[in-house]
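What follows is a set of notes on a single structure, which appears directly below.
The values are calculated or read from the model by the stated rules, or taken from the named source; none is laboratory data. What you see is a predicted model, and the numbers here were worked out from it, not measured in a lab. Here the Cβ positions follow ideal geometry from the backbone for every residue, glycine too, while neighbour counts run over all protein chains shown. Note: areas computed on protein heavy atoms with side chains; ligands, DNA, RNA excluded. Shrake-Rupley method; radii C 1.70, N 1.55, O 1.52, S 1.80 Å.
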Amino acid sequence: MRAVMTRFVLALATLAIVTLIPGTAFADEPQAQFRLGSGRPHVGVPFQLELVIEGFDESPAPDLPKLAIPDATVTPLGATPNTSRSIQIINGRRTDSVRVTWSLRWRVEVTKPGQLRVPSTTVTQGGKRATAQAGDVPVETVPTTDTMKISLELPNRAVFVGETVPVTMIWLFQNQPQDQTFAVPLLSSDAFTVSAPPVANPRRALTLSAGAKDLQLPYTIDQTTVNGTEFNRLTINLFIAPRSIPPGGKVEIAPASVVAALPVGRADFFGNAPTQMFRAADVAHTLTVKPLPETDRPPTFAGAVGDQFSIAVKASRSVVSLGEPVELDVTIKSNQPLDTLSLGKLDGEGRLPKDKFTVPAEPPTGELTDESKTKTFKVTAQVTGPATEVPALAFSYFDPTKEQYRTIRSEPIALSVKGGTFVGAGDVVSASPTKKGPATTVTDDSALVNAELALSTAGAVDERPLGGTLLWVLIGLLYAVPLALLGARTWQLRTRGQREEAAEVRTARRKVEQLLDQAATADARELAGPLGGALRDLARVLGREVDDHGLIAKLETEAFSPASSGKPLSADVRSDAAGLLRRWLAEARKAPSRRSPRAAGAAAIVLVALGAHVVHAASLDDGRAAYQEAMELTTNPTARKAAFARAEISLGEAVRANPERPELLADWGNAALGAGDVATAVLAYRRALTLDGGNTRARHNLAWLRSRQTETFRPAHQGGATDTLLFFHHWPRARKLIVGAIAFAVAILLLVPWAGRRRRGLVGLSTIPFAVWVAMSASFVLEDRQADDGVVMDDVVMRAADSAGAPAALSQPLPRGTEVTVLERRDAWTRIRVANGTAGWVPGGAVERVAP
């Protein structure tokens, strides 16, 4: 028996192996199959045909075969892989598996109804092949309807090559359409470059096919009347530009069409009606395309076509040395998109002279802004010859409405070029400071070409960061007003019931008092009943038992007694009723309130009064006059330096009177820099940046001065990604306080229960301004006040101890303008630390603190 069972098991195992071997071999072969998207194909309605392949490798991408289908237009869309990876662990053994599915897609538009024959198609990937079997697909015709229309609005004139012209597509419909599909052959035409306006709201944009890509086109919806019939109107705007001259000078544009499911028949109980596909089509269009004329074409023409253009040029600086670069920003504006606009070369006729400027050989690329209607080109021009200005740059364009070329020009920019020799890259390297030599002192006027010596405007010099009483009053209001609104609104909601109850008590009390006033003259039989009822109502609203000692029962008896008719209530009854009213009201005032409203939060306003300093007008005017005189003395370095020295003295007096004005401090630093006083310049720039971390002149010139120092004394640069992310750390303190206060106010106002209860969405939204408030507060509290920073004002030896006889801590003296950290003061000595970490002692008068 055991031998029989053994032979039976072996037979089954052999059968299983024989059965599995062919199956395994078949599974290893790549498989391909065509698939259609949702719905059935219709005439004139594009649909996607997908070829799914399993068994290919993840890379390389298979070649997309050409798919030829009779009576259909086929557009290849590309191939994409879908990779899934899995890990299986059985009995401690790990098995990794990868499954790759390739999807090859085509867009197909059928022109005739009937059977659509999709041919057998073979796809290859290296040595692997997969073949999809042929098949037939039925294609139906979509009926038309008068309740839906589509049209394209093209220019009613001839257009020129390269001209960007607007095109409007209008879709009119009455019923609510579903599953609409647009076919716009214009978008897929090789004769045009198609561009779309920027999409401000993605929910108001349609995706239309433009050949092998899709365009996101914004749209608007309104209502209109056509031949007495009301329609909904969907409007799409786009732009086209002819690429070349077509044969015969005319482009035939096939009609645009739309297919949508429209409701037909009666809606069911849930409001859903059956739908049927309908089609609407436009008429064919013909657009005449002309070439740009060759005659009178200006040399600065680079292909711009349009009726409105403007040009503006800005230079990065106005004082340069021979051989140094100047950054130019050339901005072109128009009333049309400038995606394809080219500026052309800048060293040709009407541009930068070749004997004075050198520009890159390749035309610059621009950056688009303002909905693509502004394009800015950044150009680096190297000064190679004597020049007094950046000349006016010409920009030429062709006006298609007037069919003629036009040329506009920018404004020239004054330029001061220093030095008589060309400075090459080798000269720049050899001129850099050595690591062990002393820091460079600015004594040569030509060395200042890299510094920004422009004087501030007359109005800017008086500007200072918001501060003093006004700042704290503004901040106090931004904190107090929202908190007061929150507290008041919260108190209103929490005491609403108590206040309504108090009003009810007043009404009941007044009714009793009114009836008591009438009781002296009115008929007792008519008045007794209402008075008893009013007393009962008063007891109810007061929330107490009716302990009237039988008064209300007596009033009810009087109301039904015939003897009470024709005479008023007795004086005793009226007195008892008045006494009962006073007693109840007195006891109600003594009783503790049933609801005690919580106190609302209040914000304290701290007002710090700072006395405002008055600018010494005479010193400021003298300093600015001397500074301007120095800027004009370009041929006499000695007189120029003396004028800067006079400006430094006068502006220094103005700074001592008004130390809180960053622009004035920057002017003082520039004057000191021009006079060769590096120490005062560094001190002024540091103080200006303490007040306003974004002061451009102070930041630029301080960085330039630091670049001339040796590594021993050069402060480490702290920036990069941290400065980009925490950009507000450089803001003035007043700006941080105001931005934080505004964010706090917005957050509190979002928390105010305006509608009687807080909305979750607004409460969640309030976390954003709260985060801004926390960031501003943390930056203000944790910012480095740099209270211990100082500047060495005189060349001095740093010693190892606080004694003139102590050995030197460094092998070289500290140069003027060295930035240090003050560690300790002892009698006439100050202990400092330089940038490389070395600490030592210097005379106390040699160091000036940055914080005044």
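Considering the stretch 358-402, the residues that are of a type in the set (Ser, Thr, Tyr) and within 12 Å of residue 328 (Cα to Cα) include one that is farthest from the chain's Cα centre (by Cα), namely 380. Residue pairs whose Cβ atoms lie under 6 Å apart, separated by 6 or more positions or on different chains, with the first residue in the stretch 284-310 and farther than 30 Å from residue 184 by Cβ and the second among the aliphatic types (A, V, I, L, M), are 300/394. Among the residues of the stretch 234-259, those identified as under 13 Å from residue 288 (Cβ atoms), assigned to a strand (DSSP E or B) and either open to solvent by less than 50 Å² (accessible area, probe 1.4 Å) or in contact (Cβ under 8 Å) with a residue 40 or more places away in the chain (or both) are 242, 251, 253. Within the stretch 110-125, being of a type in the set (S, T, N, Q) and surrounded by 13 or more Cβ atoms within 10 Å (Cβ to Cβ) holds for 121, 124, 125.
Would you check if residue 741 is at pLDDT 75 or above and part of a helix (DSSP H, G or I)? Show your work before the answer.
Values: at pLDDT 75 or above: yes; part of a helix (DSSP H, G or I): yes.
Here the answer is yes, as residue 741 does meet what is asked.
Return the total of residues in the stretch 410-441 being modelled with pLDDT of 70 or more, of a type outside the set (Gly, Ala, Ser) and exposed (fewer than 15 other Cβ atoms within 10 Å of the Cβ).
Pass one, the stretch 410-441, residues modelled with pLDDT of 70 or more: 410-418.
Of the ones still in play, those that are also of a type outside the set (Gly, Ala, Ser) are 411-413, 415, 417-418.
Within this subset, residues satisfying the condition of being exposed (fewer than 15 other Cβ atoms within 10 Å of the Cβ) are 411-412.
Number satisfying all stated conditions: 2.
Do you know which of the residues in the stretch 34-54 that are open to solvent by less than 30 Å² (accessible area, probe 1.4 Å) and either of a type in the set (A, V, I, L, M) or modelled with pLDDT of 85 or more (or both) is farthest from residue 180 (Cα to Cα)? For the stretch 34-54, the residue satisfying everything is 53.
Of the numbered criteria (1) open to solvent by 60 Å² or more (accessible area, probe 1.4 Å); (2) at pLDDT below 70, the one residue 474 fails is (2).
Of the residues in the stretch 331-351, not one is in contact with a helix residue (DSSP H, G or I) (Cβ under 8 Å, 6 or more places away or on another chain), open to solvent by 30 Å² or more (accessible area, probe 1.4 Å), touching a residue at least 40 places away in the same chain (Cβ under 8 Å) and part of a strand (DSSP E or B). Applying a threshold of 7 Å to beta carbon distances and a minimum spacing of six or more residues, or different chains, the list of pairs starting in the stretch 178-191 at a residue that is in a strand (DSSP E or B) and ending at one that is hydroxyl-bearing (Ser, Thr, Tyr) and surrounded by fewer than 19 Cβ atoms within 10 Å (Cβ to Cβ) reads 178/275.
Pairing each residue of the stretch 652-667 that is farther than 13 Å from residue 691 by Cβ and in contact (Cβ under 8 Å) with a residue 40 or more places away in the chain with any residue that is of a type in the set (Phe, Trp, Tyr) and surrounded by 24 or more Cβ atoms within 10 Å (Cβ to Cβ), provided the two are 6+ apart or on different chains, yields C-beta distances under 8 Å for 667/627. Of note, residue 107 does not satisfy the criterion of being touching a strand residue (DSSP E or B) at 6+ places or on another chain (Cβ under 8 Å) and either open to solvent by 80 Å² or more (accessible area, probe 1.4 Å) or not in a strand (DSSP E or B) (or both).
Does residue 150 satisfy being at pLDDT 85 or above and either under 30 Å from residue 235 (Cβ atoms) or loosely packed, with under 14 Cβ neighbours inside 10 Å (or both)? Write out each step before concluding.
On the way: at pLDDT 85 or above: yes; either under 30 Å from residue 235 (Cβ atoms) or loosely packed, with under 14 Cβ neighbours inside 10 Å (or both): yes.
So residue 150 fits the description; yes.
State whether the residues of the stretch 810-819 include one that is surrounded by fewer than 15 Cβ atoms within 10 Å (Cβ to Cβ), in a loop (DSSP other than H, G, I, E, B) and of a type outside the set (Val, Ile, Thr). Yes, there is a match, as at least one residue in the stretch 810-819 is surrounded by fewer than 15 Cβ atoms within 10 Å (Cβ to Cβ), in a loop (DSSP other than H, G, I, E, B) and of a type outside the set (Val, Ile, Thr).
Scanning the stretch 143-176 for residues that are assigned to a loop (DSSP other than H, G, I, E, B), touching a Ser or Thr at 6+ places or on another chain (Cβ under 9 Å) and not hydroxyl-bearing (Ser, Thr, Tyr) gives 146, 154, 157, 158, 161, 162, 174, 175. All but one of (1) within 18 Å of residue 35 (Cα to Cα); (2) over 49 Å from the mean Cα position of the chain (by Cα) hold for residue 72; which doesn't? Answer for residue 72: the failing condition is (2). When the residues of the stretch 535-572 are filtered to those that are of a type in the set (Val, Ile, Thr) and in a helix (DSSP H, G or I), the one that is most open to solvent (accessible area, probe 1.4 Å) is 557.
Which residues, counting only those in the stretch 369-394, are at positive phi and crowded, with 16+ Cβ neighbours inside 10 Å? Steps first, answer last, please.
First, the residues of the stretch 369-394 that are at positive phi: 370-372.
Listed by number, the list holds a single entry, 372.
Being within 30 Å of residue 57 (Cα to Cα), assigned to a strand (DSSP E or B) and open to solvent by less than 30 Å² (accessible area, probe 1.4 Å) is a property that residue 194 lacks. Here residue 361 passes the criteria (1) more than 30 Å from residue 218 (Cα to Cα); (2) of a type in the set (A, V, I, L, M, F, W, C); (3) crowded, with 19+ Cβ neighbours inside 10 Å except the one numbered (3).
Residues are listed down the side, and each one gets a yes or a no for (1) hydroxyl-bearing (Ser, Thr, Tyr); (2) within 20 Å of residue 192 (Cβ to Cβ):
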| residue | (1), (2) |
| --- | --- |
| 257 | yes, yes |
| 263 | no, no |
| 273 | no, no |
| 279 | no, no |
| 284 | no, yes |
| 291 | no, yes |
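Looking across the stretch 520-531, the residues that are open to solvent by less than 60 Å² (accessible area, probe 1.4 Å) and at pLDDT below 75 come down to 520, 524, 527, 528. Scanning the stretch 201-220 finds no residues that are assigned to a strand (DSSP E or B), β-branched (Val, Ile, Thr) and open to solvent by less than 60 Å² (accessible area, probe 1.4 Å).
Within the stretch 617-649, the only residue that satisfies the criterion of being farther than 30 Å from residue 388 by Cβ and buried (at least 21 other Cβ atoms within 10 Å of the Cβ) is 620.
Criterion applied to 504, 513, 500, 587 was being closer than 30 Å to residue 752 by Cα, part of a helix (DSSP H, G or I) and modelled with pLDDT of 70 or more, and the one residue passing it is 504. Take the residues in the stretch 260-297 that are basic (Lys, Arg) and open to solvent by less than 80 Å² (accessible area, probe 1.4 Å); name whichever of them is farthest from residue 161 (Cα to Cα). My answer is 279.
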